[in-house]
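Undergrad: After the structure tokens below, expect a handful of questions from me.
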Amino acid sequence: MKLSRYHWVVQTKHPTINKKDKLKENMKMVEKVFEMTQTHEKIIEKVFVNEHLQYTHAVFPQNDGLPLHQSNANVCMTVLKGTLSIGLNDEEVKTYLPMHVLWIPFNTKMNVRNEHQETLEILIIKAPAPGEFYHQ
């Protein structure tokens, strides 16, 4: 391992692993791996859900989005690509560019749209996940 001026550089050698060994290696993995769909078409996919977290990936072409709704959880929304147009409660619609992260509290009226030409891609994380926590 050597330290460069700006970052750590780790130098390792990766031995060739055959498919059988790779399968055994994956069975020992601590992490769970999920894949999200790469598309420019509309998609809303729940990548994973448990009692603590709901992790959703969404892609919207121009003039598409979510139906007007009340948030059913605390929402953290990250813009990955495109421009998010969002109206919360009765406020004016605001726009957010990639790498902007929004924190939206439970029970907020949401109007999530792509009003721009470029495809919009966002991550929606609800924590805690919708359920009993919000109905106590």
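The values are calculated or read from the model by the stated rules, or taken from the named source; none is laboratory data. All values derive from a computational prediction rather than experimental measurement. Note: ideal-geometry Cβ built from the backbone for every residue, glycine included; neighbour counts use all protein chains shown.
Undergrad: Look at G87 and say whether it is at positive phi and surrounded by 15 or more Cβ atoms within 10 Å (Cβ to Cβ).
TA: Against the criterion (at positive phi and surrounded by 15 or more Cβ atoms within 10 Å (Cβ to Cβ)), G87 does not qualify.
Undergrad: Please find, among N72, N63, N111, the residue that is surrounded by fewer than 18 Cβ atoms within 10 Å (Cβ to Cβ) and in contact with a Phe, Trp or Tyr (Cβ under 8 Å, 6 or more places away or on another chain).
TA: One residue alone meets the criteria, N72.
Undergrad: Right, next: What is the number of the single condition among (1) within 21 Å of E45 (Cβ to Cβ); (2) without any contact (Cβ under 8 Å) to a residue 24 or more places away in the chain that N89 does not meet?
TA: So the condition that N89 fails would be (1).
Quick grid of which residues meet (1) out of contact with any Asp or Glu (no Cβ under 8 Å at 6 or more places or on another chain); (2) among the charged types (D, E, K, R); (3) at pLDDT below 65; (4) outside any strand (DSSP E or B):
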residue: Y6; (1), (2), (3), (4): yes, no, yes, yes
residue: H14; (1), (2), (3), (4): yes, no, yes, yes
residue: D21; (1), (2), (3), (4): yes, yes, yes, yes
residue: E25; (1), (2), (3), (4): yes, yes, yes, yes
residue: E35; (1), (2), (3), (4): yes, yes, no, yes
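Undergrad: Also: Among E91, E45, E51, which is within 15 Å of the chain's Cα centre (by Cα) and either outside any loop (DSSP other than H, G, I, E, B) or not polar (S, T, N, Q) (or both)?
TA: It is E45.
Undergrad: In segment 97-136, which strands (runs of 3 or more DSSP E) lie fully inside it and hold 1 or more residues that are aromatic (F, W, Y) and farther than 12 Å from L66 by Cα?
TA: Result: 101-104.
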